[in-house]
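Structure first, then comments.
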Amino acid sequence: MCFDLTHIQACSKLPKVSKIPTIRKIAEACGYHNTTVSRALSNKPNIPEKTRKRILEVANELGWRPNPMASAYLAHRYATREPSFRATIAWINPYRVESDASLFHLFGYEGAKERASTLGYSLEKIWLGDAGFNGKRLTQMLKARGIPGMIFENRGEAVSTLKNFDWDSFSIATWSVRFSEPPLHHASYHHAQGISTILHKLLEIGYTRIAMMLSEETNKWAENSFYQTFFYMEKHSPPKVWMRSYKFNAALSDGSERKRIKAWILRNKPEVILGQVNVWEALQEMGWRIPEDVAFVSPYCSEAWPDIGGVNQQPEVIASNAVDLVATQLLHNERGIPKIPKLLLNEGEWFDAKSVPHLIQREKQPAHSKKRKLAH
(Lines give C-alpha, C1' and ligand atoms only; values in the text may rest on other atoms or scores of the structure.)
Protein backbone atom coordinates (compact mmCIF):
# COMPACT_ATOMS: atom_id res chain seq x y z
CA MET A 1 0.00 0.00 0.00
CA CYS A 2 1.33 3.45 -0.91
CA PHE A 3 1.00 6.61 1.15
CA ASP A 4 1.63 10.14 -0.10
CA LEU A 5 3.75 12.68 1.76
CA THR A 6 0.71 14.68 2.95
CA HIS A 7 -0.75 11.61 4.69
CA ILE A 8 2.58 10.83 6.38
CA GLN A 9 2.92 14.41 7.64
CA ALA A 10 -0.66 14.39 8.99
CA CYS A 11 -0.07 11.14 10.83
CA SER A 12 3.13 12.44 12.38
CA LYS A 13 1.16 15.25 14.03
CA LEU A 14 -1.28 12.90 15.84
CA PRO A 15 -0.80 12.67 19.63
CA LYS A 16 1.10 9.65 20.78
CA VAL A 17 -0.78 7.18 22.95
CA SER A 18 1.05 6.76 26.25
CA LYS A 19 1.75 3.21 27.31
CA ILE A 20 0.18 2.09 30.61
CA PRO A 21 3.00 1.32 33.07
CA THR A 22 3.44 -2.25 34.29
CA ILE A 23 3.36 -3.32 37.93
CA ARG A 24 7.15 -3.83 37.76
CA LYS A 25 7.74 -0.29 36.47
CA ILE A 26 5.58 1.23 39.21
CA ALA A 27 7.35 -0.91 41.85
CA GLU A 28 10.77 0.27 40.64
CA ALA A 29 9.63 3.91 40.71
CA CYS A 30 8.24 3.87 44.25
CA GLY A 31 10.64 1.35 45.84
CA TYR A 32 8.10 -1.32 46.84
CA HIS A 33 7.85 -5.00 45.95
CA ASN A 34 5.72 -6.03 42.95
CA THR A 35 3.26 -7.87 45.22
CA THR A 36 2.80 -4.84 47.47
CA VAL A 37 2.09 -2.63 44.47
CA SER A 38 -0.38 -5.13 43.04
CA ARG A 39 -2.26 -5.37 46.33
CA ALA A 40 -2.32 -1.58 46.77
CA LEU A 41 -3.72 -1.02 43.27
CA SER A 42 -6.36 -3.71 43.96
CA ASN A 43 -7.40 -2.08 47.27
CA LYS A 44 -6.51 -5.12 49.35
CA PRO A 45 -7.25 -4.51 53.07
CA ASN A 46 -3.85 -5.63 54.40
CA ILE A 47 -1.91 -2.70 52.89
CA PRO A 48 -1.28 0.28 55.22
CA GLU A 49 -3.11 3.41 54.10
CA LYS A 50 0.10 5.47 53.93
CA THR A 51 1.70 2.87 51.64
CA ARG A 52 -1.38 2.67 49.45
CA LYS A 53 -1.48 6.47 48.95
CA ARG A 54 2.23 6.62 48.05
CA ILE A 55 1.91 3.83 45.47
CA LEU A 56 -1.22 5.37 43.92
CA GLU A 57 0.50 8.77 43.65
CA VAL A 58 3.47 7.27 41.78
CA ALA A 59 1.23 5.09 39.61
CA ASN A 60 -0.92 8.06 38.59
CA GLU A 61 2.17 10.12 37.76
CA LEU A 62 3.33 7.32 35.47
CA GLY A 63 -0.04 7.23 33.71
CA TRP A 64 -1.57 4.17 35.37
CA ARG A 65 -5.34 3.82 35.11
CA PRO A 66 -7.54 0.96 36.41
CA ASN A 67 -8.65 -1.48 33.73
CA PRO A 68 -12.43 -2.07 34.06
CA MET A 69 -12.33 -5.18 31.88
CA ALA A 70 -9.59 -6.74 34.00
CA SER A 71 -11.52 -5.84 37.18
CA ALA A 72 -14.67 -7.45 35.78
CA TYR A 73 -12.71 -10.60 34.90
CA LEU A 74 -11.20 -10.85 38.37
CA ALA A 75 -14.61 -10.28 39.95
CA HIS A 76 -15.97 -13.13 37.86
CA ARG A 77 -13.13 -15.41 38.95
CA TYR A 78 -13.66 -14.63 42.63
CA ALA A 79 -17.42 -15.12 42.31
CA THR A 80 -17.18 -18.53 40.61
CA ARG A 81 -14.35 -20.15 42.55
CA GLU A 82 -14.58 -21.78 45.96
CA PRO A 83 -14.01 -18.90 48.43
CA SER A 84 -10.95 -19.08 50.65
CA PHE A 85 -11.08 -17.82 54.22
CA ARG A 86 -10.71 -14.04 54.41
CA ALA A 87 -11.67 -12.94 57.92
CA THR A 88 -14.21 -13.31 60.71
CA ILE A 89 -17.18 -10.96 61.00
CA ALA A 90 -18.78 -10.56 64.41
CA TRP A 91 -22.55 -10.98 64.66
CA ILE A 92 -23.33 -8.83 67.70
CA ASN A 93 -26.33 -10.07 69.66
CA PRO A 94 -27.81 -7.15 71.62
CA TYR A 95 -29.17 -9.45 74.34
CA ARG A 96 -28.00 -11.07 77.53
CA VAL A 97 -28.63 -14.65 76.43
CA GLU A 98 -29.78 -16.39 73.25
CA SER A 99 -33.24 -17.10 74.63
CA ASP A 100 -33.93 -13.33 74.66
CA ALA A 101 -33.54 -13.08 70.87
CA SER A 102 -36.61 -12.80 68.63
CA LEU A 103 -37.33 -15.14 65.73
CA PHE A 104 -36.71 -12.17 63.43
CA HIS A 105 -33.18 -11.91 64.83
CA LEU A 106 -32.57 -15.67 64.58
CA PHE A 107 -33.77 -15.78 60.96
CA GLY A 108 -31.47 -12.84 60.21
CA TYR A 109 -28.49 -14.68 61.64
CA GLU A 110 -29.08 -17.66 59.35
CA GLY A 111 -29.19 -15.40 56.29
CA ALA A 112 -26.06 -13.53 57.36
CA LYS A 113 -24.19 -16.76 58.06
CA GLU A 114 -24.98 -18.16 54.61
CA ARG A 115 -23.97 -14.94 52.85
CA ALA A 116 -20.74 -14.62 54.84
CA SER A 117 -19.79 -18.18 53.94
CA THR A 118 -20.43 -17.48 50.25
CA LEU A 119 -18.03 -14.51 50.39
CA GLY A 120 -15.35 -16.45 52.28
CA TYR A 121 -15.98 -15.02 55.76
CA SER A 122 -16.91 -16.79 58.96
CA LEU A 123 -19.60 -15.33 61.23
CA GLU A 124 -19.06 -15.46 64.98
CA LYS A 125 -21.82 -14.78 67.50
CA ILE A 126 -20.92 -12.39 70.30
CA TRP A 127 -23.42 -11.58 73.03
CA LEU A 128 -23.38 -8.12 74.54
CA GLY A 129 -24.20 -9.80 77.83
CA ASP A 130 -20.82 -11.56 77.68
CA ALA A 131 -19.15 -8.16 77.25
CA GLY A 132 -21.03 -6.83 80.25
CA PHE A 133 -22.83 -4.37 77.97
CA ASN A 134 -19.61 -2.36 77.98
CA GLY A 135 -18.22 -0.88 74.75
CA LYS A 136 -14.62 -0.87 75.94
CA ARG A 137 -14.84 -4.52 76.91
CA LEU A 138 -16.46 -5.39 73.58
CA THR A 139 -13.62 -3.62 71.75
CA GLN A 140 -11.06 -5.68 73.67
CA MET A 141 -12.91 -8.93 72.90
CA LEU A 142 -13.00 -8.22 69.15
CA LYS A 143 -9.36 -7.16 68.94
CA ALA A 144 -8.21 -10.17 70.98
CA ARG A 145 -9.97 -12.47 68.48
CA GLY A 146 -8.61 -10.60 65.45
CA ILE A 147 -12.10 -9.67 64.18
CA PRO A 148 -12.03 -6.65 61.83
CA GLY A 149 -15.73 -6.34 60.98
CA MET A 150 -19.05 -6.46 62.81
CA ILE A 151 -22.84 -6.33 62.37
CA PHE A 152 -25.14 -4.72 64.95
CA GLU A 153 -28.86 -4.82 65.53
CA ASN A 154 -30.22 -1.83 67.42
CA ARG A 155 -32.22 -3.68 70.06
CA GLY A 156 -32.03 -4.21 73.78
CA GLU A 157 -29.12 -2.42 75.40
CA ALA A 158 -27.04 -1.99 72.23
CA VAL A 159 -27.11 1.82 72.19
CA SER A 160 -25.90 2.28 75.78
CA THR A 161 -23.21 -0.35 75.26
CA LEU A 162 -21.61 1.45 72.32
CA LYS A 163 -21.00 4.80 74.02
CA ASN A 164 -17.33 4.02 74.69
CA PHE A 165 -16.73 1.69 71.73
CA ASP A 166 -13.66 2.10 69.47
CA TRP A 167 -15.37 2.72 66.11
CA ASP A 168 -12.17 3.55 64.21
CA SER A 169 -10.81 -0.01 64.44
CA PHE A 170 -13.64 -1.84 62.68
CA SER A 171 -15.73 -2.10 59.52
CA ILE A 172 -19.32 -1.86 60.70
CA ALA A 173 -22.90 -2.15 59.49
CA THR A 174 -26.23 -2.24 61.28
CA TRP A 175 -29.35 -4.07 60.23
CA SER A 176 -33.09 -4.00 60.98
CA VAL A 177 -33.42 -0.97 63.33
CA ARG A 178 -31.02 1.86 62.54
CA PHE A 179 -28.87 3.76 65.07
CA SER A 180 -29.57 7.49 65.13
CA GLU A 181 -26.06 8.07 66.48
CA PRO A 182 -23.52 7.35 65.21
CA PRO A 183 -24.59 7.23 61.53
CA LEU A 184 -23.48 3.86 60.13
CA HIS A 185 -23.97 1.86 56.96
CA HIS A 186 -27.33 0.18 57.36
CA ALA A 187 -29.36 -2.65 55.83
CA SER A 188 -33.11 -2.56 56.32
CA TYR A 189 -36.51 -3.50 54.98
CA HIS A 190 -38.47 -1.00 52.86
CA HIS A 191 -41.24 -0.39 55.43
CA ALA A 192 -43.18 2.11 53.33
CA GLN A 193 -43.27 -0.30 50.41
CA GLY A 194 -44.46 -3.09 52.72
CA ILE A 195 -47.45 -1.15 54.07
CA SER A 196 -48.30 0.02 50.56
CA THR A 197 -48.18 -3.58 49.33
CA ILE A 198 -50.54 -4.74 52.09
CA LEU A 199 -53.08 -1.97 51.54
CA HIS A 200 -53.14 -2.34 47.76
CA LYS A 201 -53.55 -6.11 48.16
CA LEU A 202 -56.46 -5.70 50.59
CA LEU A 203 -58.22 -3.34 48.19
CA GLU A 204 -57.54 -5.70 45.31
CA ILE A 205 -59.16 -8.68 47.05
CA GLY A 206 -62.23 -6.70 48.03
CA TYR A 207 -61.87 -5.23 51.54
CA THR A 208 -63.46 -1.81 52.06
CA ARG A 209 -63.23 -1.36 55.87
CA ILE A 210 -59.53 -1.46 56.70
CA ALA A 211 -57.98 -0.67 60.08
CA MET A 212 -54.32 -0.37 60.99
CA MET A 213 -53.48 -0.92 64.66
CA LEU A 214 -49.75 -0.68 65.35
CA SER A 215 -47.81 0.71 68.29
CA GLU A 216 -45.84 3.93 68.44
CA GLU A 217 -42.82 1.79 69.31
CA THR A 218 -43.20 -0.29 66.14
CA ASN A 219 -43.72 2.82 64.01
CA LYS A 220 -40.56 4.35 65.49
CA TRP A 221 -38.56 1.23 64.56
CA ALA A 222 -39.80 1.74 61.01
CA GLU A 223 -38.71 5.41 61.12
CA ASN A 224 -42.39 6.48 61.04
CA SER A 225 -42.89 4.86 57.62
CA PHE A 226 -45.89 2.75 58.68
CA TYR A 227 -48.23 5.57 59.64
CA GLN A 228 -46.95 8.04 57.06
CA THR A 229 -47.74 5.58 54.28
CA PHE A 230 -51.10 4.65 55.79
CA PHE A 231 -52.17 8.30 56.14
CA TYR A 232 -51.29 8.94 52.49
CA MET A 233 -53.24 5.87 51.36
CA GLU A 234 -56.18 6.84 53.59
CA LYS A 235 -56.31 10.32 52.06
CA HIS A 236 -56.21 8.97 48.50
CA SER A 237 -58.39 5.87 48.94
CA PRO A 238 -61.49 5.32 46.75
CA PRO A 239 -64.69 7.09 47.99
CA LYS A 240 -66.40 3.90 49.23
CA VAL A 241 -63.35 2.69 51.16
CA TRP A 242 -63.17 3.24 54.95
CA MET A 243 -59.63 3.37 56.32
CA ARG A 244 -58.84 4.26 59.93
CA SER A 245 -55.91 3.76 62.30
CA TYR A 246 -55.39 3.38 66.03
CA LYS A 247 -51.94 3.92 67.53
CA PHE A 248 -51.11 2.60 70.99
CA ASN A 249 -47.92 2.79 73.03
CA ALA A 250 -45.87 -0.40 73.17
CA ALA A 251 -45.50 -3.45 70.91
CA LEU A 252 -46.34 -5.66 73.90
CA SER A 253 -49.13 -3.87 75.72
CA ASP A 254 -50.59 -4.48 79.18
CA GLY A 255 -54.19 -5.28 80.14
CA SER A 256 -55.38 -1.68 80.24
CA GLU A 257 -53.97 -1.03 76.77
CA ARG A 258 -55.66 -4.12 75.37
CA LYS A 259 -58.93 -2.93 76.90
CA ARG A 260 -58.69 0.27 74.86
CA ILE A 261 -57.76 -1.73 71.75
CA LYS A 262 -60.88 -3.90 72.19
CA ALA A 263 -63.11 -0.86 72.72
CA TRP A 264 -61.85 0.73 69.49
CA ILE A 265 -62.45 -2.48 67.52
CA LEU A 266 -66.00 -2.82 68.89
CA ARG A 267 -66.78 0.78 68.08
CA ASN A 268 -65.46 0.71 64.49
CA LYS A 269 -66.03 -2.93 63.41
CA PRO A 270 -63.44 -3.18 60.61
CA GLU A 271 -63.49 -6.00 58.05
CA VAL A 272 -59.74 -6.48 58.27
CA ILE A 273 -57.08 -5.35 60.75
CA LEU A 274 -53.45 -4.71 59.97
CA GLY A 275 -52.02 -5.34 63.42
CA GLN A 276 -49.47 -7.06 65.64
CA VAL A 277 -49.40 -9.59 68.44
CA ASN A 278 -51.24 -7.60 71.13
CA VAL A 279 -54.09 -6.85 68.69
CA TRP A 280 -54.30 -10.55 67.89
CA GLU A 281 -54.47 -11.34 71.61
CA ALA A 282 -57.19 -8.71 72.11
CA LEU A 283 -59.30 -10.34 69.39
CA GLN A 284 -58.89 -13.73 71.09
CA GLU A 285 -60.04 -12.25 74.41
CA MET A 286 -63.07 -10.72 72.67
CA GLY A 287 -64.05 -14.09 71.22
CA TRP A 288 -63.79 -12.85 67.65
CA ARG A 289 -62.84 -15.56 65.19
CA ILE A 290 -60.20 -14.99 62.52
CA PRO A 291 -61.05 -14.78 59.65
CA GLU A 292 -64.79 -15.46 60.12
CA ASP A 293 -65.46 -12.34 62.19
CA VAL A 294 -62.54 -10.19 61.11
CA ALA A 295 -59.60 -10.78 58.78
CA PHE A 296 -56.08 -10.13 60.01
CA VAL A 297 -52.76 -9.23 58.36
CA SER A 298 -49.33 -8.62 59.85
CA PRO A 299 -46.42 -6.41 58.72
CA TYR A 300 -44.11 -9.08 60.20
CA CYS A 301 -45.49 -12.32 58.82
CA SER A 302 -43.32 -15.37 58.27
CA GLU A 303 -43.45 -19.04 57.39
CA ALA A 304 -43.07 -19.61 61.13
CA TRP A 305 -46.73 -18.49 61.38
CA PRO A 306 -48.23 -20.03 58.23
CA ASP A 307 -51.82 -19.11 59.13
CA ILE A 308 -51.21 -15.33 59.27
CA GLY A 309 -51.06 -13.35 56.04
CA GLY A 310 -49.35 -10.06 55.29
CA VAL A 311 -45.86 -9.12 54.20
CA ASN A 312 -42.73 -11.13 54.90
CA GLN A 313 -39.92 -8.63 55.49
CA GLN A 314 -37.38 -11.40 54.81
CA PRO A 315 -34.92 -10.82 57.68
CA GLU A 316 -32.55 -13.31 56.04
CA VAL A 317 -32.14 -10.91 53.11
CA ILE A 318 -31.80 -7.84 55.35
CA ALA A 319 -28.99 -9.44 57.36
CA SER A 320 -27.23 -10.80 54.27
CA ASN A 321 -27.22 -7.26 52.87
CA ALA A 322 -25.53 -6.12 56.08
CA VAL A 323 -22.80 -8.70 55.42
CA ASP A 324 -22.30 -7.19 51.96
CA LEU A 325 -21.90 -3.73 53.49
CA VAL A 326 -19.22 -4.98 55.89
CA ALA A 327 -17.45 -7.08 53.25
CA THR A 328 -17.22 -4.08 50.92
CA GLN A 329 -15.60 -2.00 53.66
CA LEU A 330 -13.12 -4.76 54.46
CA LEU A 331 -12.25 -5.11 50.78
CA HIS A 332 -11.46 -1.38 50.54
CA ASN A 333 -9.80 -1.19 53.96
CA GLU A 334 -12.43 1.22 55.28
CA ARG A 335 -12.85 1.53 59.02
CA GLY A 336 -14.85 3.67 61.41
CA ILE A 337 -17.88 5.92 61.07
CA PRO A 338 -18.47 6.80 57.39
CA LYS A 339 -18.79 10.39 56.19
CA ILE A 340 -21.85 9.44 54.16
CA PRO A 341 -23.56 6.24 55.36
CA LYS A 342 -25.15 3.90 52.83
CA LEU A 343 -28.70 2.58 53.21
CA LEU A 344 -29.44 -0.76 51.53
CA LEU A 345 -33.14 -1.71 51.37
CA ASN A 346 -34.92 -4.87 50.29
CA GLU A 347 -38.61 -5.09 49.48
CA GLY A 348 -41.07 -7.31 51.31
CA GLU A 349 -43.09 -10.11 49.77
CA TRP A 350 -46.85 -10.63 50.09
CA PHE A 351 -47.67 -13.80 52.03
CA ASP A 352 -51.10 -15.37 51.47
CA ALA A 353 -52.68 -17.18 54.42
CA LYS A 354 -56.09 -18.15 55.73
CA SER A 355 -56.23 -15.18 58.16
CA VAL A 356 -56.97 -12.91 55.19
CA PRO A 357 -59.12 -14.77 52.62
CA HIS A 358 -60.28 -13.18 49.40
CA LEU A 359 -63.80 -11.83 49.88
CA ILE A 360 -65.11 -14.06 47.10
CA GLN A 361 -64.08 -17.03 49.27
CA ARG A 362 -65.67 -15.54 52.39
CA GLU A 363 -68.98 -15.02 50.58
CA LYS A 364 -69.13 -18.76 49.95
CA GLN A 365 -68.96 -19.56 53.67
CA PRO A 366 -72.17 -20.63 55.54
CA ALA A 367 -74.30 -17.73 56.78
CA HIS A 368 -73.74 -18.54 60.47
CA SER A 369 -69.97 -18.24 60.05
CA LYS A 370 -70.35 -14.63 58.84
CA LYS A 371 -72.18 -13.52 61.96
CA ARG A 372 -69.93 -11.25 64.01
CA LYS A 373 -69.40 -12.02 67.66
CA LEU A 374 -69.48 -8.97 69.89
CA ALA A 375 -68.64 -10.62 73.19
CA HIS A 376 -65.85 -9.20 75.31
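Within the stretch 129-153, residues that are under 20 Å from Ile337 (Cα atoms) sit with their Cβ atoms under 6 Å from residues that are in a loop (DSSP other than H, G, I, E, B) and among the acidic types (Asp, Glu), at 6+ positions apart or across chains, in these pairs: Thr139/Asp166. For the condition in the same structural domain as Trp264 (by TED's automatic domain parsing), under 18 Å from the mean Cα position of the chain (by Cα) and crowded, with 22+ Cβ neighbours inside 10 Å, Ile195 qualifies.
Taking helices (runs of 4 or more DSSP H) as the structural unit, those lying wholly within the stretch 139-229 and holding at least 1 residues that are more than 20 Å from Asn312 (Cα to Cα) correspond to 158-161, 216-221. In the set (1) touching a Gly at 6+ places or on another chain (Cβ under 8 Å); (2) at pLDDT 95 or above, Val294 fails one condition alone, (1). Could you check the stretch 120-138 and list, in sequence order, the residues that are surrounded by fewer than 20 Cβ atoms within 10 Å (Cβ to Cβ) and either among the basic types (Lys, Arg) or assigned to a loop (DSSP other than H, G, I, E, B) (or both)? Of everything in the stretch 120-138, those that are surrounded by fewer than 20 Cβ atoms within 10 Å (Cβ to Cβ) and either among the basic types (Lys, Arg) or assigned to a loop (DSSP other than H, G, I, E, B) (or both) turn out to be Gly120, Lys125, Gly129, Asp130, Ala131, Gly132, Phe133, Asn134, Lys136, Arg137.
What number of residues in the stretch 23-33 are surrounded by fewer than 14 Cβ atoms within 10 Å (Cβ to Cβ) and closer than 22 Å to Leu331 by Cα? The total comes to 1. For the stretch 338-376, filtering for residues that are modelled with pLDDT of 50 or more, surrounded by 11 or more Cβ atoms within 10 Å (Cβ to Cβ) and basic (Lys, Arg) leaves 2.
The values are calculated or read from the model by the stated rules, or taken from the named source; none is laboratory data. Computed from a predicted structure; not experimentally measured. Heads up, the Cβs are rebuilt from the backbone with ideal geometry, glycines too, and the neighbour counts pull from every protein chain shown.
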